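Everything below concerns the one structure shown next.
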Amino acid sequence: MRGFARFLLLLIVVLAIAYLGAWWYAEGRLGVAFRQQEAAFRKAGWTVSHGATARGASPLVARFSVADLTFSPPDRGMPEPSITLPNLNLDVHPASPFTLDLGLPLSWHMAMPSGPAFTIQFATLHDRYRFDPNALLDHAPDPLRAVEASFIDMRVDSADTNFTLVSIKSLTARGTRNPAAGKNATAITIHEKITGFALSPIFVTLGHLPFAGKIKSLIFDLDLSGPSMPALSHFGQLPLAPSPDGSGVNPMQPLQAMWRKFGPEIHDWAKAGGHGRYAIALVLGPLDAHAHGNFGFDKAVQPVSRSTLTADGLGEFLGDIASAYPAAVGAISTLTTETAPYMTKGPKGSQRLKADLALADGVLTANGRKTANVPKLVWPRSAPAAH
């Protein structure tokens, strides 16, 4: 019996040493991961600075902490803010060793270059990343498989006056990715829901904004199947150029630059059978609108799609916009006339817009009726290889 007790004690000691070794290794890997991301930001032109870094002290969680972390974007032709976090924790818990919890502070500081400063406040804030164990242990370049983020009661305040500029009641976002997805497998999923978006009343008054400057809710879902999409995360590295007339930054230039850069890769994805489905729901003032559908590409790599649009309260919604912006009355009247054939009786006898839309062979139809010819999509050419 005494020998068994000694064996059990020795086993506990060995397991404790093994656990502490794994804990120490995990904290070291977190430090390496942070420095790799820091180097990636700097390579992309960002300025990154921070205070002291430290390993965690609790054996119940592997932690790497960073103090006073500041990100300043590269000069891309327009003013962009720098963001400072008073602290940042990278946490891994023993029960989920391949899940990273990003411990973000509930108060951020944001400053425009030579301009105003703001604070971003949260009541709660969560950010979590899940990794493929095999890909992570093999040091693969793409081990990330899922992301979850959420917050409650976010607001943006002027740093000088504490005047609230924008507030959001809640946000939840989830995403998954499968780099090995084939033609019939799901490569990417995205789900986002925002509730209680509101602008400051002073902006509502100055801009004569309808609906009190509020959006009750917005829900967005997207599934992409087929070979994985290109890494659009590099979009942030694209420069912003001035407008040709010298009036400032061209607002369309980022989209044009993204299309030139990623268009050839998207073309390859579409040609290989890429397709997807989506759903959107918006509650804004009296409007309650929903749209869902699917899309893909034909043999000529031209878009084809089918979708359904339903909207309750559209008439009252357009009336509120007309009251806020009298100059838009003519356009709203035209829109009301064009949507009249698609009106049906909704709940409690109210009018409901219901349209089944289809795009094929460059023709857009609504409820079987042709509504427009859609120009052919011209794909950008790949850049010539450097020699």
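Of the accessible area of the chain, computed with a 1.4 Å probe over protein heavy atoms only, carbon and sulfur atoms account for 63 percent.
Between residue 137 and residue 365, the simple label model (points 7 Å from Cα in the Cβ direction) yields a spacing of 5.5 nm. Given R0 = 56 Å, the distance between the Cβ atoms of residue 184 and residue 343 translates into a calculated FRET efficiency of 0.90. Placing +1 on the Cβ of every Lys and Arg and -1 on the Cβ of every Asp and Glu, with nothing else charged, gives the chain a dipole about its Cα centre of roughly 880 debye. Straight distance only, please: which lysines reach the Cα of residue 345 with their own Cα at less than 30 Å, same-chain residues fewer than 8 apart left out? Excluding near neighbours in sequence, the set is 193, 214, 216, 354, 370.
The 1.4 Å probe gives accessible areas that order 193, 370, largest first, as 370, 193. Each stretch of four or more DSSP H residues adds -39500 (n - 2.57); spread over every residue of the chain, this sum gives -8000 deg cm²/dmol at 222 nm. Shape class for the stretch 322-371, computed from the alpha carbon gyration tensor (a ≥ b ≥ c): oblate, with a/c not under 1.5 and a/b at or below b/c. Per residue, the solvent-accessible area of the chain (1.4 Å probe, heavy atoms of protein chains only, all protein chains present) comes to 60 Å². Shown in residue order for the stretch 89-101 are the 3J(HN,Hα) couplings computed by the Karplus curve 6.51 cos²θ - 1.76 cosθ + 1.60 at θ = phi - 60°: 10, 9, 10, 10, 9, x, 6, 9, x, 10, 10, 9, 9 Hz (x for Gly and Pro). Regarding the stretch 278-369, what is the average projected area of its C-alpha convex hull, in nm²? Approximately 7.0 nm², given one-decimal rounding. For residue 261, the solvent-accessible surface computed with a 1.4 Å probe is close to 100 Å², ligands and nucleic acids excluded. Among complete DSSP H helices in the chain, those whose alpha-carbon atoms stretch at least 20 Å along the helix's long axis and whose mean Kyte-Doolittle hydropathy reaches 0.0 are 2-43. When the label point is put 7 Å from the Cα of residue 202 along its Cα-to-beta-carbon vector, which residues of the stretch 123-165 have a backbone N closer than 17 Å? Counting backbone N atoms under 17 Å from the label point, the list is 155-165. Computed log10 I(q)/I(0) for the chain at 0.09, 0.10, 0.15 Å⁻¹: -0.77, -0.94, -1.68, from the Debye equation with unit scatterers placed on every C-alpha and solvent omitted. Set against the 2.2 N^0.38 Å expectation for a compact globular protein, the stretch 94-163 has a Cα radius of gyration ratio of 1.55.
The values are calculated or read from the model by the stated rules, or taken from the named source; none is laboratory data. Small disclaimer: the values here were computed from a predicted structure and weren't measured. Note: ideal-geometry Cβ built from the backbone for every residue, glycine included; neighbour counts use all protein chains shown. The area values use the complete protein model at the heavy-atom level, side chains included, leaving out ligands, DNA and RNA. Shrake-Rupley method; radii C 1.70, N 1.55, O 1.52, S 1.80 Å.
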